[in-house]
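Reviewing the structure listed below.
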Amino acid sequence: MINVSKLKEGIVIDHIRAGHGYKIFQQLGLDRLDDVVVLMRNVDSEKMGKKDLIKIESNLDLNLEVLGLIDPHVTINYVKNGERVNKVSLTPPQTVTGILTCKNPRCITNHERITDVKFHLVDAHTNQYACEYCDVRTRL
């Protein structure tokens, strides 16, 4: 088993569904950070079986809307002096703006310059959102 040292200060994104860690890594732009970032995939978990985990040795502002959209069951742990000082549990955002694109080829958002298209949560269990213009359901 690979051992990664304890984080002294930064953020741990935990309880990521196995296989979704890289998607979160990309969407948050963690590859562009100059700080130490560790992505661990398929880590054994009693609760989940397997999970992904991201450790960030920095206190950056995370886009919780993106995280809640990709995997609404993640937890974010903020660490200071080697100890967790705050734990945030996410839920799927009710409205997502400017992140999703409509899958409907006839939707006006795919033909006109419409910025910041809103999608509204219609099913939290399947993480499906509906386009505000044509009501077609989509997922990230």
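Okay, here's what the table says:
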item: Members of the range 88-113 that are under 19 Å from V66 (Cβ atoms), surrounded by fewer than 16 Cβ atoms within 10 Å (Cβ to Cβ) and not aliphatic (A, V, I, L, M); result: S89, T91, Q94, T95, T97, G98, T101, K103
item: Filter result for G21 (modelled with pLDDT of 90 or more and crowded, with 18+ Cβ neighbours inside 10 Å); result: yes
item: The range 2-22 residues that are touching a residue at least 60 places away in the same chain (Cβ under 8 Å), paired with ones that are of a type in the set (A, V, I, L, M) and surrounded by fewer than 17 Cβ atoms within 10 Å (Cβ to Cβ) (beta carbon under 7 Å, 6 or more apart); result: H15/M48
item: Count of the range 115-134 residues which are exposed (fewer than 13 other Cβ atoms within 10 Å of the Cβ) and assigned to a loop (DSSP other than H, G, I, E, B); result: 5
item: Selection status of L100, in contact with a Pro (Cβ under 6 Å, 6 or more places away or on another chain) and not assigned by TED's automatic domain parsing to the domain that holds D35; result: no
item: Those residues of the range 48-85 which are charged (D, E, K, R) and either surrounded by 17 or more Cβ atoms within 10 Å (Cβ to Cβ) or touching a Pro at 6+ places or on another chain (Cβ under 6 Å) (or both), in sequence order; result: K51, D52, K55, E65, D71
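The values are calculated or read from the model by the stated rules, or taken from the named source; none is laboratory data. From a predicted model like this one, the values you see are computed outputs, not experimental measurements. Virtual Cβ from ideal backbone geometry, glycine too; neighbours counted across all protein chains shown.
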